[in-house]
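This report concerns only the one structure given below.
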Amino acid sequence: MGLIWRVVAALCVVNFLALAVFVVIATLQFDAILSGLVRDRVSVLVDGIKPPFESVAELGLPVATVRNAQAVLEEVRQSDSAIIAVQVYGPDGAIVHSTGGGAPTGSITLADPARPGESLHVETGSSFVLSSAFSTATGTPAGGVVVEYSRALSRTQVRAMAASLGVAALAILLATGLATALLTRLALREHVGIVEALLETYDRFERRFWRRGTPYVVQVAPVRGLGLSSAEFDDLLRRSEVAYEAAIGASSDAPSQ
């Protein structure tokens, strides 16, 4: 049985490694897909914010003069609890409207604002940040919109997916381990039977020397398999013992020179 358990253990280790690789790859793929979906959602939000500010910019007016800008941004922020902040920056990159309270003048966190008509996407450890710029009627940069979206929900979803895959992989590992043990035991039944029979025969042969005076009798039924027979093996052991004792007796009877 020791052989079977070693084979089963080796197969289970290989199966475990394969399942672990699958779980990791599937989790990374899910994370990438989810990030793409979140990015698309943030892009839709940004596209919905830009029109009133683009209209003002096309008239040649500063985006800071947009009326009710704070209410527009706050309405967007409240539409999704994952939105951390919504900001509008001017042509110099300074924030002129923000849901953070008032209109702060500090520079946006993006090193280089997106060019007009383009979007700039950045992923930080805690959020997704998307910046989309717009221009005046003459094509001069007039500012842009920045939306910061929390990664907390997507991170929780990725962890939940990893946990689900891990539980499924564990169930598969247990099921395949049991099936492997049964099939291996069935496949190696003949091998195990003949090996155990040979070991038992040899063990009984050795016990004769531990218990002097006890007759050597094989008490198990002969087993044959893989071209071997425990009865023939037992006969060879007894014959080798007889030959050994004869050789010892002959050497002790020989006259010394």
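All of the numbers you see were taken from the coordinates with simple rules; none came from a lab. All values reported here derive from a predicted model rather than from experimental measurement. For neighbour counting, all protein chains shown are included, and Cβ atoms are generated from backbone atoms with ideal geometry for every residue, glycine included.
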Exercise. Put a dot 7 Å past each Cα toward the Cβ at Q157 and I33; how far apart are the dots in nm?
Worked result: 1.1 nm
For this session: Determine the shape class of the stretch 1-82: with a ≥ b ≥ c the square roots of the Cα gyration tensor eigenvalues, call it rounded for a/c under 1.5, and otherwise prolate if a/b is greater than b/c, oblate otherwise.
Result: prolate
Problem set entry | Ordering of 91-97, 57-63, 175-181 by packing [mean C-beta count within 10 Å, highest first] | 91-97, 57-63, 175-181
Seminar exercise, completed: So, with points 7 Å from each Cα along the Cβ direction, the R6-D40 label distance in nm works out to 5.4 nm
